[in-house]
Amino acid sequence: MENPVANKFFDIVVVGAGPAGLSFARCLRDTDLKIALVERSPLKVLQNPPEDGRDIALTHSSERVLKELGIWDHFPINQIGNIRDAKVLNGKSAYVLHFDSKTTGSEYLGHLVPNHVIRRAAYEMVKNQENVTIIAGVDVIDTETNLSGGSVALSNGSTLNCTLVIAADSRFSDMRKKMGIDAPMHDFGRTVIVCEMTHSKPHNDTAFECFHYEQTLAILPMYGDKSSVVVTLPTDKSQHLLDMSANEFASDIQQRFGGQLGDMKLATKRHAYPLMGVYAEKFVKTRFALLGDAAVGMHPVTAHGFNLGLSGAYTLATEIKTAVAKGIDIGAASVLGKYQAKHRAVARPLYIGTNALVKLFTDTSMPGRILRGAALRLGNILPPVKKKIVQQLTEIDP
């Protein structure tokens with residue numbers, strides 16, 4: 001419900017109407033809780049999010065949640081790519097660590113959906129939700145919480161009073177800073193360049209992660225003869241790739257991938273993002289909680305960013321609904337503490353493991369090259385290890 005002046009008191013004020021914030025609000029669709037979604041982007045951006053080059057590899061668990069929330073039904077069929085196989089390559093070696101969906105008992109490892117498609121679908125499901133008020137095109141000037149409640153002051157002069165404040169405003173969260181929560185950032189010293197490319201040969205629903213010694217190239221299968229291309233390289237070398245003409249860039253990617261997809265052409269703009277990992281020292285404070293990238297900002301190599309944010313949104317909403325059913329204050333420390341404990345138990349191993357993986361596969365020293373080559377072989381020859389990796393990356397039930 002888009003009505004910024006309908007109510008000045010809310011049970012919950014969510015700052016950030018990205019996929020995590022929208023999904024959280026949708027999780028509470030069957031409650032009487034009054035929710036305000038505050039977003040600095042104008043309403044037209046929420047209604048029609050621009051293509052941003054990011055394509056999201058959705059796990060089986062995320063697919064189940066998105067279907068439960070009705071969001072999945074708003075994905076156009078020609079925007080859903082299937083990942084049936086995944087192959088990891090190391091440098092110039094012909095050796096491949098192969099993950100095959102046939103060994104999992106499932107028809108696929110996951111799906112690939114453009115980020116702007118997910119954002120639009122989530123908005124479509126929330127825009128007419130009776131217990132949600134969307135306040136777009138405003139900034140948060142100040143926020144504070146105490147034992148009795150919270151308040152959020154907006155740039156349009158309004159102050160929203162509430163029981164609980166939630167920040168879902170990116171890994172560079174201003175709300176997190178305003179609330180004094182420390183969140184050490186890990187600067188990987190790299191930039192990721194993302195785009196979509198068409199090709200003359202079929203991808204056969206196979207995802208490739210190619211760890212070259214100076215840059216990483218991921219080719220992820222989209223619907224039809226199109227793939228999401230993700231290039232990760234040292235930041236000081238990224239501008240050269242961005243300055244290439246469309247034809248030069250396509251030729252470079254085609255050559256780096258050994259021509260396996262035939263002739264490749266750029267289908268979208270190239271977008272560049274600095275790689276910064278972040279893990280907040282705590283996810284909650286008095287009547288305040290962090291959600292999505294504001295809590296944990298992941299390196300994209302394992303594609304767990306949105307999946308983790310969606311998991312956190314579902315966990316927090318579940319704890320809140322349980323509190324409502326028991327007549328407990330939704331902003332109570334006991335309620336928020338359960339969310340923090342459960343989400344940290346999932347997020348911390350993923351964050352630490354992902355950063356260790358990135359460190360291993362970006363080490364260009366000779367010992368590093370030997371170690372990563374050995375790691376790929378161990379992954380292939382030890383079935384329990386391989387099975388565990390697949391379960392963690394895809395969230396397929398064992």
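Residue by residue, here is whether (1) of a type outside the set (A, V, I, L, M); (2) touching a residue at least 12 places away in the same chain (Cβ under 8 Å); (3) part of a loop (DSSP other than H, G, I, E, B) holds:
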| residue | (1), (2), (3) |
| --- | --- |
| G189 | yes, yes, no |
| C195 | yes, yes, no |
| C210 | yes, yes, no |
| V231 | no, yes, no |
| H240 | yes, no, no |
Exactly one of L37, L112, L66, L97 is touching a strand residue (DSSP E or B) at 6+ places or on another chain (Cβ under 9 Å), more than 28 Å from K326 (Cβ to Cβ) and modelled with pLDDT of 85 or more, and that residue is L112
Just one listed residue, out of I181, I166, is in the same structural domain as D142 (by TED's automatic domain parsing), under 18 Å from the mean Cα position of the chain (by Cα) and farther than 21 Å from D52 by Cα, and it is I166
Residue pairs qualifying under the 8 Å Cβ cut-off, at least six apart or on distinct chains, with the first in the stretch 256-282 being under 22 Å from R344 (Cα atoms) and at pLDDT below 95 and the second being among the β-branched types (V, I, T) and surrounded by 16 or more Cβ atoms within 10 Å (Cβ to Cβ), are L275/T191; L275/V192; L275/T232; G277/T354; V278/V296; Y279/V296
Please enumerate the residues belonging to the stretch 112-154 that are among the aliphatic types (A, V, I, L, M) and in a loop (DSSP other than H, G, I, E, B). V138, L147
Go through G258, G277 for me and flag whichever is part of a loop (DSSP other than H, G, I, E, B) and surrounded by fewer than 23 Cβ atoms within 10 Å (Cβ to Cβ). G258
Which one of these does K237 not meet: (1) under 25 Å from D293 (Cα atoms); (2) out of contact with any helix residue (DSSP H, G or I) (no Cβ under 8 Å at 6 or more places or on another chain); (3) modelled with pLDDT under 95? (1)
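The values are calculated or read from the model by the stated rules, or taken from the named source; none is laboratory data. Quantities reported herein were computed from a predicted structural model and do not represent experimental measurements. Here Cβ is always computed from backbone atoms with ideal geometry, including for glycine, and neighbour counts include all displayed protein chains.
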